[in-house]
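Please read the structure below before turning to the comments.
The values are calculated or read from the model by the stated rules, or taken from the named source; none is laboratory data. Computed from a prediction, not measured in an experiment: that's the story for all the values here. Here Cβ is always computed from backbone atoms with ideal geometry, including for glycine, and neighbour counts include all displayed protein chains. Surface accessibility is based on the protein's heavy atoms, side chains included, excluding ligands, DNA and RNA. Shrake-Rupley method; radii C 1.70, N 1.55, O 1.52, S 1.80 Å.
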Amino acid sequence: MQSWKTALKIKTKSQKNVWLDASFSPIINKENNQHGYVMLAYDMTERRKKTEERKKLIQELLKNNEDLEQFNYIISHNLRGPVAKLLGLTEIFQFDDINEEVRQTIVTELRNETEVLDTILKDLGSITAIKKSQADLVAVINLSESFEIAEKLVKKEFEDIDFALSVDFNEAKQVFGIKSYLQSIFYNLLSNSIKYRNQEQKLNIFIKSELQKDNKVLISFTDNGMGIDLEKYKNKIFGLYKRFHHHVQGKGMGLYLIKTQVERMGGGN
Amino acid sequence: MKKVLLIDDDKIFNFINELLIKKTGLIESIRCFEDAEVALSQIQELNLDNRDQLPDLIFLDINMPGMDGWEFLVEFEQINLNGHYCEVYMLSSSVSPLDIAKSRTFNCVKDFISKPLSEEKIKKILLKEYSES
């Protein structure tokens, strides 16, 4: 003859899921035999829901924090190089036994490094803006329209190149997202295709949209360019300032920006 | 007087460090390399044909495309310098405890220095060597 407690999940007559915190106490009759149970139950559904939401929020905050820490680390690392150079340059600038040519070189490099610092700070600004923005207009975007705008922006770079562009948005014509991000993503992908193309072949680009089971849209962008060795660099391709082809000009921000923007629109998993 | 080797893929750092080191007046010669592999083969050549031109002191950057500082050290320690003593000081714009610990696994590495080098830091290194040798 015991009393006990448990959590119960039941379905009400109206098919609603309800969580109960129930305790059972035995009913003893005159002959000291157990007769039945009295159950006392509290509806815990609301409480459970709130706990789940809180857990989710904490997870999100932790991830955000991790992202920010990583971001911080990357930026401060990239700032150290130019700052170290500026310190070194100013020290040697004060030597009185250097000739005019050397002095000029120092002044030029002082300027260059300051510009590098400036660029990093500007990049920082634009990346933080993407990560923090809350008031961005989320709307239904027509993929073809968005793509055309990005195409116009790279028109000049395409001029001297032998290329073929195949665009197929028939399966999924629209997507719910942020217009400026989508344009930026298309622009960066096109720009990368051109920059890292295989100079000895005609550049072929294939873009296609597909509707997925979870109502998300998969946009695939393929080209026949230089490619990136994924075995070696799999974990680095979306990193900030990471570059894989040193003989081609670039900062190493394109894919990082794309990833940030895709995630900001709720995609990427 | 010491013969110094600078290995850094950034020619601006080499430019700065060369001037700083020359200014101390404590060295005999200094050579700069932007490619660690080239520096390595130079050392190997000198080791065979021109041993009295071998460097006594190497300032080595860590992060370089191609052969990086660590890879250079592995190859360098395998060269039999036949009694010639050469010290290595590692340079990096950002110093982490992991890097410092790793540098200790190499016999020839005497210290780990955070960029930028300065006249003061260099003098301390060069003078310390004098008193040791």
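Remark: segment A:13-20, residue by residue, has Karplus-estimated 3J(HN,Hα) of 4, 8, 6, 8, 7, 10, 9, 10 Hz, where x stands for each Gly or Pro and the curve is 6.51 cos²θ - 1.76 cosθ + 1.60 at θ = phi - 60°. Placing dummy labels 7 Å off each Cα toward the beta-carbon, the span from A:N64 to B:N47 is 5.6 nm.
Database remark: amide H of B:S93 closer than 5 angstrom to the amide H of B:K115 (H placed geometrically; neighbours at sequence offset of 5 or more, or on other chains; Pro and chain starts carry no H). Using the Cβ-Cβ distance between B:K121 and A:D162 with R0 = 41 Å, the FRET efficiency computed as 1/(1 + (r/R0)^6) comes to roughly 0.15. The Rg/Rh ratio of chain A, with both radii computed over alpha carbons and Rh defined as the Kirkwood radius, is 1.23.
For the peptide A:74-80, the mean number of other protein chain Cβ atoms found within 10 angstrom of a residue's Cβ is 2.
Across segment B:73-90, computed HN-Hα scalar couplings (Karplus, 6.51 cos²θ - 1.76 cosθ + 1.60, θ = phi - 60°) run 4, 4, 5, 4, 5, 7, 7, 8, 7, 6, x, 6, 9, 9, 9, 10, 10, 8 Hz from first to last residue, x flagging Gly and Pro. Mean partner shielding of peptide B:6-15, defined as the number of other chain Cβ atoms within 10 Å of each residue Cβ, is 3. With all protein chains in place and a 1.4 Å probe, the accessible surface of segment A:65-170 carries 52 percent carbon and sulfur. Averaging 1/r across all pairs of distinct Cα atoms in segment A:99-258 and inverting the result yields a Kirkwood radius of 18.2 Å. The label point for A:E52 and the one for A:T108, both projected 7 Å from the Cα toward the Cβ, are 6.6 nm apart. The simple spin-label model puts a point 7 Å past each Cα toward its Cβ; for B:E71 and A:Y241 those points are separated by 2.1 nm.
Normalised by the number of residues in chain B, the mean separation of alpha-carbon contacts (under 8 Å, six or more apart) gives a relative contact order of 25 percent. Pop the C-beta distance of A:L153 and A:I28 into the FRET formula with R0 = 51 Å and round what comes out to the nearest 0.05. Computed FRET efficiency for A:L153 and A:I28: 0.05. Here is how the number arises for chain A: DSSP H runs of 4 or more residues each give -39500 (n - 2.57), the sum is divided by the residue count, and the result at 222 nm is -16500 deg cm²/dmol. Helix A:100-132 axis versus longest C-alpha principal axis of chain A: approximately 20°, rounded to the nearest ten.
Counts of other chain beta carbons within 10 angstrom of each beta carbon in peptide B:85-97 average 2. Backbone N atoms of segment B:12-34 closer than 16 Å to the 7 Å Cα→Cβ label point of A:D97 belong to residues B:18-30. For segment B:79-133, the equivalent ellipsoid derived from the alpha-carbon gyration tensor has semi-axes of 20, 18, 8 Å in decreasing order. Solvent-accessible surface of the protein assembly as shown, taken per residue with a 1.4 Å probe and all protein chains present: 63 Å². Mind grabbing the interface size between B and A? I mean buried accessible area, both sides, 1.4 Å probe, in Å² to the nearest hundred. Separately minus together, B and A give about 1500 Å² buried. Using only the C-alpha atoms, the convex hull of segment A:83-192 corresponds to 148 Å³ per residue.
Of the whole protein surface, A:W4 contributes about 110 Å² of accessible area at a 1.4 Å probe radius. Rolling a 1.4 angstrom probe over segment B:63-128 with all protein chains present gives an accessible area of which 50% lies on carbon and sulfur atoms.
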